[in-house]
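In what follows, a single structure is set out as structure tokens and then discussed.
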Amino acid sequence: MSTIEHRFGPYGGQYVPETLMPALAELEAAWLSARDDPAFGAELNGLLRDFVGRPSPLYQAQRLSEAAGHPIYFKREDLNHTGAHKINNAIGQALLAKRMGKRRIIAETGAGQHGVATATACALLDLECAVYMGTEDMRRQKPNVERMGLLGASVEPVEAGARTLKEAVSAAIRDWVTNVETSHYVIGSCVGPAPYPALVRELQRVIGDEARAQILKQAGRLPERVIACVGGGSNSIGVFVPFVDDREVQLVGVEAAGDGIETGRHGAPLTAGGLPGVLHGAYSAIMQDEDGQILEAHSISAGLDYPGTGPEHAWLRDSGRARYVAITDREALDAFATCARLEGIIPALESSHAIAWAMANGPSQLDLVCLSGRGDKDLAEALDHLGR
Amino acid sequence: MTGLERIAAAFESARADGRRAALMPYMMGGFPDLEISLEIGLEYARGGADLVELGVPFSDPLADGPVIHAAGTTALRAGVRLPDVLELGRAIAEHVPVIVMCYANQILVRGLERFADALLDAGASGLIVPDLPLEEAPAMLRACEERALALVPLVAPTTPDARLAVIGAQARGFIYTVSLTGTTGERSGMQDGLAGVVARAAACTDVPVAVGFGISTPPQAAAAAAAGADGVIVGTRLVRAAGEGDAPVASVGALVREFAGSLAVAG
């Protein structure tokens, strides 16, 4: 019988109320059976191809490469249906929910991309959908709120705390505790209690599997560095994992430095270090005070505005296989504008962090950057800050 | 007496008095402020509490509904920290055994041994950690055992029998039976099948069975006792009263007496 990890080194685990423990066991059993079932795989792969548009292209960003002074390839997750990598996981988990006989889906969203992806999967598969979203993020990402409504999801505003992603996840978990017998929680990143971090990684590794084959074909070699942004860390874990055994390939996760790590107003628990702890069911790198109270994160990018991170990233850091760096709001905004101007691609503010780091940190023989999503959703926020 | 002995004695004394069940009111430490919070704890003891469950404010309380979450947020904003709450516990523990309720991260950040020492030093008798299920509990269970403190496990209506048996065997002090699938908070009725939930828990353990979550009126408390519970935990209704009106201590005191009355000897 196949298994799935609960721990990555010391990280991970299942720190949740007892009410949810049987549901986590049920989810794990359902996933282990589904992933070995050729019919499930065929249905998922068919949807990824015909509905999502996979494989997504690998594209050499010529003018950006010239500006950076070294070659940069983009893995174009922005070209997926719904505009980001989030759909890879949402479709997979919605199919799994259906297989488990659960007709109601709960999700949380920060930037709105996971919410839109889940609402889309639910429309396609005829499932009821409730998406929790902080009211500050609803303000920052208004078009996505409207999209979710149009797709038939109910967007549940969350007023607690800083009214962003952390509180949205908490609200979604509370809904799940209450409605666990009828509902499946489609968590949006490689965070949360086991088996979610590993389950989400398995659904997102299609990014890296495709990218590895594409770069070998197009460039005739492996990249020197694979670079991706890290909030919860799902696009990065998805693109990293197929390269983990290629020891010569550097893996670089780019977190949000916000106003700067030294200001404390950031979303970079891996880069900033400090004591690990428990947030949303998993032991991992988190932002907390000396009493274990969780701190508010800050980033201009709603998708990176999260004080925790996936437990597998914490382990990739500690084991030395990946390294984690951080890019400020300002640097990300500059990369956002530069990429639009030079490449005709408007990247998500999240992905702009990865682009900013790649451009500023040469030399490199070949960079593979995961362009995790498109930036249409960010126009109002970004233009405001760029002073236009 | 050790913490384990004090808890056992509290349940035994309720039984010896012929009462229907022991009463365990919950309070959020430091809410509405530290001074009133202390008075509330002492009023609980005077009003007929057999044990007191003392919550430590936490930023992200996953098992709690909006009323207790908001109370914790208020306390945190006023600067209430763990040592403050443990001092409240020390004063209340002079009268009734105190069970501290907090979340896993608050323990991990201090270290299990240091945290357990702090509980012991403050005279607490037990600990409830709603996000520390069986699988994650062994180290904390050992730290509590070494100090004769009770690590009280929770069981839910969703807990399967085989799992219940393992939890019941490890339970110390009492077993906390969650009456419904959901977070803490007031509900209008009691969940059907409560007697079954209580009987299932009682069958798998030697320690008393307490019922909590959603018990907000004296008739609901009486119903829980009638369903076979050895103890009844009342939280949100009392925390709400603590945050309302000009005389929170008096209104909380009146409520606790009503709950105690509903569990008093029949006739």
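Based on the Kirkwood radius over alpha-carbon pairs, what is the Stokes-Einstein translational diffusion coefficient of segment B:112-197 at 25 °C with 0.890 mPa s viscosity, in µm²/s?
Answer, rounded: 173 µm²/s.
So for segment A:132-210, taking the charge dipole from beta-carbon charges (+1 Lys/Arg, -1 Asp/Glu), which of A:Leu165, A:Gln204, A:Val177 sits furthest toward the positive end?
The residue sitting farthest along the positive end of the dipole is A:Leu165.
Could you tell me which residue out of A:Thr135, B:Ala21, A:Met100 lies farthest along the dipole of the protein assembly as shown toward its positive end? Charges go on the beta carbon: Lys and Arg +1, Asp and Glu -1, centred on the Cα centre.
Among A:Thr135, B:Ala21, A:Met100, the one farthest towards the positive end of the dipole of the protein assembly as shown is A:Met100.
Could you work out the mean projected area of the convex hull around the alpha carbons of segment A:217-264, in square nanometres to one decimal?
With the hull built on Cα positions only, its mean projection is 4.5 nm².
How far is the Cα center of segment A:279-312 from the Cα center of segment B:169-212, in Å?
33
For segment A:257-361, what is the charge dipole size about the Cα centre, in debye to the nearest 20, if Lys and Arg each add +1 at the Cβ and Asp and Glu each add -1 at the Cβ?
Roughly 380 debye, rounded to the nearest 20.
Enter the accessible area per residue of segment A:1-159 (Å², integer; probe 1.4 Å; all protein chains in place).
Dividing the accessible area of segment A:1-159 by its residue count gives 37 Å².
Give me the percent of DSSP beta bridges within the protein assembly as shown that run antiparallel, rounded to the nearest 5.
Given both bridge residues lie in the protein assembly as shown, the antiparallel proportion sits at roughly 20 percent.
Can you pick out the pairs among A:Lys75/A:Lys166; A:Lys86/A:Lys377; A:Lys102/A:Lys377 whose Cα atoms lie more than 19 Å from each other?
With Cα atoms farther than 19 Å apart: A:Lys75/A:Lys166; A:Lys102/A:Lys377.
What list of whole percents do you get for P(r) of segment B:136-267, with Cα-Cα distances grouped in 10 Å bins up to the one holding the largest distance?
12, 38, 32, 16, 2
What ³J(HN,Hα) values, in whole Hz, does the Karplus curve 6.51 cos²θ - 1.76 cosθ + 1.60 give for segment A:52-65 when θ = phi - 60°, with x put for Gly and Pro?
7, x, 7, x, 7, x, 9, 10, 7, 7, 4, 6, 5, 4
Sorted from largest to smallest, which semi-axis lengths in Å does the alpha carbon gyration tensor of segment B:43-90 give for its equivalent ellipsoid, taking the root of 5 times each eigenvalue?
21, 14, 9
Quick check: convex hull of the Cα atoms in the protein assembly as shown, volume per residue, rounded to a whole Å³?
Considering the Cα atoms of the protein assembly as shown, their hull volume per residue is 148 Å³.
Take the alpha-carbon centre of segment A:167-233, take the same for segment A:63-130, and report the distance between them in whole Å.
About 10 Å separates the Cα centre of segment A:167-233 from the one of segment A:63-130.
Ordered by packing density, taken as the mean number of other Cβ atoms within 10 Å over each peptide's residues, highest first, how do B:54-61, B:11-18, B:198-205 rank?
Final packing ranking: B:54-61, B:198-205, B:11-18.
Tell me the net charge near B:Gly253. Cut-off is 11 Å between Cβ atoms, B:Gly253 excluded, with +1 for each Lys or Arg and -1 for each Asp or Glu.
Value of the local net charge: -1.
Given segment A:179-334, report the % of alpha carbon pairs whose separation exceeds 22 Å.
42
Over chain A, with a Gaussian network built from C-alpha contacts below 10 Å, which listed residue (A:Arg225, A:Arg174, A:Arg163) shows the highest mean-square fluctuation?
With Cα springs under 10 Å in chain A, the top fluctuation among A:Arg225, A:Arg174, A:Arg163 is at A:Arg174.
Using a/c under 1.5 as the rounded threshold, could you call chain A rounded, prolate or oblate? The axes a ≥ b ≥ c are square roots of the C-alpha gyration tensor eigenvalues, and prolate needs a/b larger than b/c, oblate otherwise.
rounded
For peptide B:55-61, compute the average count of partner chain beta-carbon atoms within 10 Å of each residue's beta-carbon.
That works out to 6 on average.
Restrict the search to segment A:217-310; then list the GluC sites (Glu not before Pro) that DSSP places in a loop and that have at most 15 other Cβ atoms within 10 Å of their Cβ.
Passing both the DSSP loop test and the Cβ count: A:Glu248, A:Glu290.
How many square angstrom of accessible surface are buried between B and A, both sides summed, with a 1.4 Å probe and rounding to 100?
That pair hides around 2700 Å² of surface in total.
When the C-alpha atoms of segment B:18-110 are aligned to their principal axes, what extent does each axis show, in angstrom, from largest down?
Principal-axis extents of segment B:18-110 (Cα, largest first): 41, 25, 25 Å.
To one decimal place, what orientation-averaged projected area in nm² is obtained for the convex hull of the Cα set of segment B:187-260?
Dividing the Cα hull surface by four gives the mean projection, 5.0 nm².
Hey, in chain A, which Cys have no second cysteine's beta-carbon closer than 4.7 Å?
So, A:Cys190, A:Cys229, A:Cys339, A:Cys370.
Taking a probe of 1.4 Å, how large is the accessible area per residue of segment A:222-269, in Å²?
26
For segment B:1-46, what number results from the quotient of the Cα radius of gyration and 2.2 N^0.38 Å?
Working it through for segment B:1-46, the quotient is 1.40.
How shielded is B:175-182 by partner chains, expressed as the average number of their Cβ atoms within 10 Å of its Cβ atoms?
3
To the nearest 20 Debye, how big is the dipole of segment B:1-61 about its Cα centre, given +1 on the beta carbon of each Lys and Arg and -1 on that of each Asp and Glu?
340
Short version: which residues of segment A:1-46 lose at least 10 Å² of accessible area, all chains versus chain alone, 1.4 Å probe?
Buried by the other chains: A:Arg7, A:Gln14, A:Tyr15, A:Val16, A:Pro17, A:Glu18, A:Thr19, A:Met21, A:Pro22.
Which residue, B:Phe174, B:Phe115, B:Phe31, has the most motion in a Gaussian network model of chain B that connects Cα atoms within less than 10 Å?
B:Phe115
Leaving out ligands, DNA and RNA, and with a 1.4 Å probe, what % of the accessible surface on chain A is carbon or sulfur?
Roughly 51 percent of what the probe reaches on chain A is carbon or sulfur.
Would you report the distance distribution of C-alpha pairs in segment A:12-107 as whole percents per 10 angstrom bin, up to the bin with the largest distance?
The distribution over segment A:12-107 is 13, 31, 27, 17, 10, 1, given as percents.
Which one, A:Met21, A:Thr109, A:Tyr283, projects farthest toward the positive side of the charge dipole computed for chain A from Cβ point charges (K/R +1, D/E -1)?
A:Thr109
If you roll a 1.4 angstrom probe over the protein chains with everything in place, what fraction of the accessible area of segment B:110-267 belongs to carbon and sulfur, to the nearest %?
55
Could you give the accessible area per residue of segment B:73-160, probe 1.4 Å, as a whole number in Å²?
35
About the Cα centre of chain A, what is the dipole size in debye to 20, counting +1 per Lys and Arg Cβ and -1 per Asp and Glu Cβ, all else neutral?
920
What is the diffusion coefficient of chain B in µm²/s, taking the Kirkwood radius over Cα pairs and the Stokes-Einstein relation at 37 °C with a viscosity of 0.692 mPa s?
183
For the protein assembly as shown, what is the calculated [θ] at 222 nm in deg cm²/dmol (nearest 500), taking -39500 (n - 2.57) for each run of four or more DSSP H residues and dividing by its residue count?
-13500 deg cm²/dmol
Among A:Pro223, A:Pro17, A:Pro157, determine the one that fluctuates most according to a GNM of chain A built with springs between C-alpha atoms less than 10 Å apart.
A:Pro17
The values are calculated or read from the model by the stated rules, or taken from the named source; none is laboratory data. Bear in mind the structure is a predicted one, so any value in this text is a computation, not a measurement. Cβ: placed from backbone, ideal geometry, glycine included. Neighbour counts: every protein chain shown. The area values use the complete protein model at the heavy-atom level, side chains included, leaving out ligands, DNA and RNA. Shrake-Rupley method; radii C 1.70, N 1.55, O 1.52, S 1.80 Å.
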